[in-house]
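Worksheet for the structure shown next.
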Amino acid sequence: NSNNNVTHVVNDEKTASSAEYHRLWPEIERVTKEQIKYAQMGLGNDAWHLFAEEGEMKMYRREEEVNGLVVDPLKACHVVKGVTAHEMCHYFFSPQYRYDWETTLEHMTVVENISDDTLIFLQLHKRIWPATQRDALFWSHIRQVPPNEPGVRDIWIVVNNSTELPKHPPDNKKCIRLFLTVCLLCQTIVSSPKEGASITRDNLTCKITYCSVVNPGGWAPASVLRAVYKREYPKFLKRFTAYVIDQCKNKPIMF
Ligand code: 16C
């Protein structure tokens, strides 16, 4: 793709993202807006059930099945100190850190670089016994979102959504393609430093909302699947947030 990493200039103004010239752009725009709304409505009026809690971290799920396959939606909230929304989203989005925190991975490649803020990933995940191994092909998009409440300095989101590419069709024999829609939405809250002092990491709080729907794409035993995600989602959010805090601690703040 000759448009890779090109900053387009239209009417003498830099456009927000060069991804907007890509065939996937209408879908990326639509799904990202939907995910922002979905994450920001909190638990809404739906019947969410708390299944894991540790400190500030709370994880909720709804039991749902589609054609006999478990597709339980998950919503999680967390609050961490000392990092910004942009930092959280940067480490979640960028491929170079993925193996550091993602423990379900066997292999990951970026198969298309749409723009600085939009990539297509192909991931081979670890096998869950006794099910067939899974892979996932998805676009991933990072963006800043205008803050919508007082006290919130800024908001960033990463959205991951399954897609198709003729170059990378599902194998569906040794490996089944799963389908996912995931978002990580983060808000930065900055407390005022003492008079005359400048902002340090002690002034930062990051509020996190993580939403996920994974369709296993083919048969997998419901009880095994529910047992696996009950263990894996809390493990992921604890490990990932601890990783970002550790990566950022001696670096300048990235707003
Ligand atoms: O959002 C997360 N990670 C992102 C970057 O990798 C991205 C990927 C999401 C993939 C989610 C599905 C992965 C499940 C594959 C199998 C799990 C292997 C477990 C290994 C145990 C030895 O958005 C963080 C994702 C955190 C994943 C939690 C696990 C969720 C399991 C859901 C059930 C999957 C059905 C698999 C059918 C066999």
* Under the classification rounded if a/c is under 1.5, otherwise prolate if a/b is larger than b/c and oblate if not, where does the stretch 15-96 fall, given a ≥ b ≥ c as square roots of the Cα gyration tensor eigenvalues? -> oblate
* **Set of aspartates and glutamates near LYS81 by C-alpha distance (under 16 Å), chain-local residues within fewer than 8 positions excluded** => GLU54, GLU56, ASP154, ASP202, ASP246
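Please give the contour-minus-distance gain from ARG62 to ALA227: 0.36 nm per residue of separation, less the Cα-Cα distance, rounded to one decimal in nm. Each step should come with its number before you reach the end.
Numbers: separation 165, 0.36 × 165 = 59.40 nm, distance 1.43 nm.
My answer for the length gained is 58.0 nm.
Ranked by Cβ crowding within 10 angstrom, fewest neighbours first, how are MET41, MET108, MET88 ordered?
Working: MET41 12, MET108 15, MET88 27.
Exposure proxy ranking, most exposed first: MET41, MET108, MET88.
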* Structure fact -> the chain: spread of alpha-carbon positions along the three principal axes, whole Å, largest first, is 63, 48, 36
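Per residue, what volume in Å³ does the Cα convex hull of the stretch 51-189 take up?
Working: hull volume 21.1 nm³, N = 139.
Here the figure is 152 Å³ per residue.
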* **In nm, spacing of pseudo-spin labels at GLU164 and GLN40 (7 Å Cα→C-beta vector)** => 3.2 nm
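In nm, what is the difference between 0.36 nm times the number of residues separating GLN144 and LYS235 and their Cα-Cα distance?
Numbers: separation 91, 0.36 × 91 = 32.76 nm, distance 2.65 nm.
Extra length from GLN144 to LYS235 when fully extended: 30.1 nm.
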* Asked: What base-10 log of the normalised intensity I(q)/I(0) is obtained for the stretch 62-124 from the Debye formula, alpha carbons as equal point scatterers, at q = 0.13, 0.18, 0.20, 0.29 Å⁻¹?
  -> -0.57, -0.95, -1.02, -1.15
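Would you list PHE51, PHE255 from fewest to most Cβ contacts within 10 Å? Before the final figure, lay out each step's value.
Numbers: PHE51 17, PHE255 13.
Fewest-to-most Cβ neighbours within 10 Å comes out as PHE255, PHE51.
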* Tell me, GLU20, GLU27, GLU149 in order of fewest to most beta-carbon neighbours within 10 Å? -> GLU149, GLU27, GLU20
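Bear in mind these aren't lab numbers, they're just calculated from the coordinates by the rules spelled out. If you're wondering where the values come from, they're calculated on a predicted model, not measured in any experiment. Ideal geometry is used to build each Cβ from the backbone, glycine not excepted, and the neighbour counts take in all protein chains shown.
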